[in-house]
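Please read the structure below before turning to the comments.
Just so it is clear, none of the values below were taken in a lab; they were calculated from the coordinates. The model shown is predicted, which means the values in this text are computed figures rather than measured ones. Every residue, glycine as well, gets a Cβ built from its backbone with ideal geometry; the counts of neighbours run over all protein chains shown.
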Amino acid sequence: MATLTETDVDLDTTRGPMRVHVFAPAGSGPFPAVIFFSEIFQVTGPIRRMAAALAGEGYLVAVPEVYHEFEAPGTVLAYDPAGSDRGNTLKFTKELASYDEDVDVLVTWLRGHECCGGRIASYGVCLGGHLALRAGFHEGVSAAACYYPTDVHSATLGAGKSDDTLRRLGGIEAKMLLVWGRQDPHVPREGRELIHRTLEESGRDFEWHEFNAAHAFLRDEGPRYNPALARVCTALLLRFLAELP
């Protein structure tokens, strides 16, 4: 385990600055990098703790504020009905092209970071799981770890609720890890089966795990948190990232 540094940086996008929270092991590196996409509430306490824990394992972790063109830098939405409503509204307001531009901006910045060793993976939960999967389309991302990604099976991410992630899965070159909760109402069994079948038919290599758990079972706040499964999933993630090409 390593001691950490934590900094913020504002990166330019065509839709304004994007605040990125950077967690890094102390020292000069180089370290493999991980773009960690949050759930709809942005960079909350649980997300910060997950990012710090990953950085402590020797990774340069960049956590973008996904709604940067709508909210002031540093905005965190509460885990309550108002926060959920705001997060879900913005999820379907932000343009798909903006989500994808954010990935390109982050990859470009990480490639130039003095502590980045060149290998870049994506990782995400909930909305962030979908964004981590889409990041796998970028040639600079070599692995995508996606935990209970929403809106993939329904193809409803972004403005207009019409994304192409499912349709393009066969074109992902990145290694894929997908983890699900069987009791997750946001991704029912039929949705998981559709995604799994699409991946199988594409011929792509991927890793798939399902657990008896609700949505957001990694979040260490609230009644759905499952500490035992969170430990298992952390071990899965670290083993997966250790195999980065």
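Need one word for the stretch 70-140: rounded, prolate or oblate. Basis is the Cα gyration tensor (sqrt eigenvalues a ≥ b ≥ c); a/c below 1.5 gives rounded, then a/b vs b/c decides.
prolate
For an R0 of 22 angstrom, estimate the FRET efficiency from the Cβ-Cβ distance between D164 and E190 and round to the nearest 0.05. Spell out each step's value before the answer.
Working: r = 20 Å, r/R0 = 0.91.
According to the calculation, E is roughly 0.65.
How many nm is it between the label spots at V9 and E221, if each spot is 7 Å from the Cα in line with the beta carbon?
Output for this residue pair reads 2.7 nm.
Can you run the Rg to Rh ratio on the stretch 27-173? Use alpha carbon positions and the Kirkwood inverse-distance Rh.
When Rh is taken as the Kirkwood radius, the ratio is 0.95.
With an 8 Å cut-off on Cα pairs and a minimum separation of 6 or more residues, tell me the relative contact order of the stretch 186-245 in percent.
Reported as a whole number, the value is 17 percent.
Let me have the 222 nm mean residue ellipticity of the chain computed from DSSP H runs of 4+ only, each contributing -39500 (n - 2.57), with the sum over all residues rounded to the nearest 500.
Rounded to the nearest 500, the figure is -10000 deg cm²/dmol.
I need the shape label for the chain. Rule: rounded when a/c is under 1.5, else prolate if a/b > b/c, else oblate, with a, b, c from the alpha carbon gyration tensor.
Note, shape of the chain comes out rounded.
Run through the stretch 75-159 and list the GluC sites (Glu not before Pro) located in a DSSP loop whose Cβ has at most 12 other Cβ atoms within 10 Å.
Within the stretch 75-159, the qualifying GluC sites (Glu not before Pro) (loop, at most 12 other Cβ atoms within 10 Å) are E114, E139.
Under 10 Å, Cα contacts only: if you run a Gaussian network model on the chain, which one of G181, G160, G87 comes out with the highest mean-square fluctuation?
It is G160.
What percent antiparallel are the DSSP beta bridges of the chain, to the nearest 5?
35 percent
Let me make sure I get this right: for the stretch 110-162, a, b and c are the square roots of the gyration tensor eigenvalues over alpha carbons, sorted descending. Under 1.5 in a/c it's rounded, otherwise prolate if a/b > b/c, else oblate. Which is it?
Judged from the Cα gyration tensor, the stretch 110-162 comes out prolate (a/c at least 1.5, a/b above b/c).
What trypsin sites (Lys or Arg not before Pro) in the stretch 139-245 are in a loop by DSSP, with at most 15 other Cβ atoms within 10 Å of the Cβ?
Working: sites: K161, R167, R168, K175, R182, R189, R192, R197, R204, R219, R224, R231, R239; in loops: K161, R167, R168, R182, R204, R219, R224.
Answer in residue order: K161, R167, R168, R182, R224.
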